[in-house]
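What follows is a short report on a single structure.
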Amino acid sequence: MAALLGPAVAAYTAVLAADTAVPAWHGAHRELPYLFAASATAAASGMALLLGPAHESGPARRAAFLAAAAEEVATRAAERRLGMVAETYRQGRAGTLLWAARVLTASGAASGLLLGRRSRSAAVVGGLALLAGSACIRFGIFAAGVASAEDPKYTVVPQRDDDPPDRS
């Protein structure tokens, strides 16, 4: 049952956030559910690496690697779609958190995949990094949304670009 409901529950908050007028969230409405589902998969893999026996963690290690790749693809796609609003994903608190998320998730997936079977401590460190990376992604997306909502340029300029020219 968890396998059926897990992805929907993982993506639900992204769908809710994307259905707002917050530029950094609404502009990435197509990518945010995938990003959140990938982040949740990375966190679940991290928990499995942290708590499970190293010799039985093969599926979790592979899932962590795939989740890290999916996070990166979804993040890049969102930034491309957002245009100038993507600045909020790269600057300030959001930029710091999202950079940390990339580093933590990539290093957690790599350490789990490459060393997790042979070394219990590598699996634990990889699992903790994946959990921290997932948390950083969520807080980073939240901070980007706040930054985009607080700065009028992210609301006004994209609207002006979408307006057709006045032909009267």
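None of the figures in this text is laboratory data; all of them are computed from the coordinates on show. Everything numeric here is computed off the predicted structure, so don't read it as measured data. Positions of Cβ are backbone-derived with ideal geometry, glycine not excepted, and every protein chain shown enters the neighbour counts.
Could you list 114, 128 so that the one with the fewest beta carbons within 10 Å of its beta carbon is first and the one with the most is last?
114, 128
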Checklist entry - Hey, how many Å between the Cα centroid of the stretch 21-88 and the Cα centroid of the stretch 123-151? => result 10
Checklist entry - Per 10 Å bin from zero, what fraction in whole % of the C-alpha pairs of the chain is there, up to the bin with the longest pair? => result 12, 36, 28, 15, 6, 2, 1, 0
Next on the checklist: Using DSSP H assignments, which helices in the chain have an axial alpha-carbon span of 20 Å or above and a mean Kyte-Doolittle hydropathy of 1.6 or higher?
Outcome noted: 2-18
Checklist entry - When 79, 56 are ordered from fewest to most other Cβ atoms inside 10 Å of their Cβ, what list results? => result 56, 79
Checklist outcome for this item: Taking Cα pairs closer than 8 Å and at least 6 residues apart, the relative contact order of the chain in percent is 27
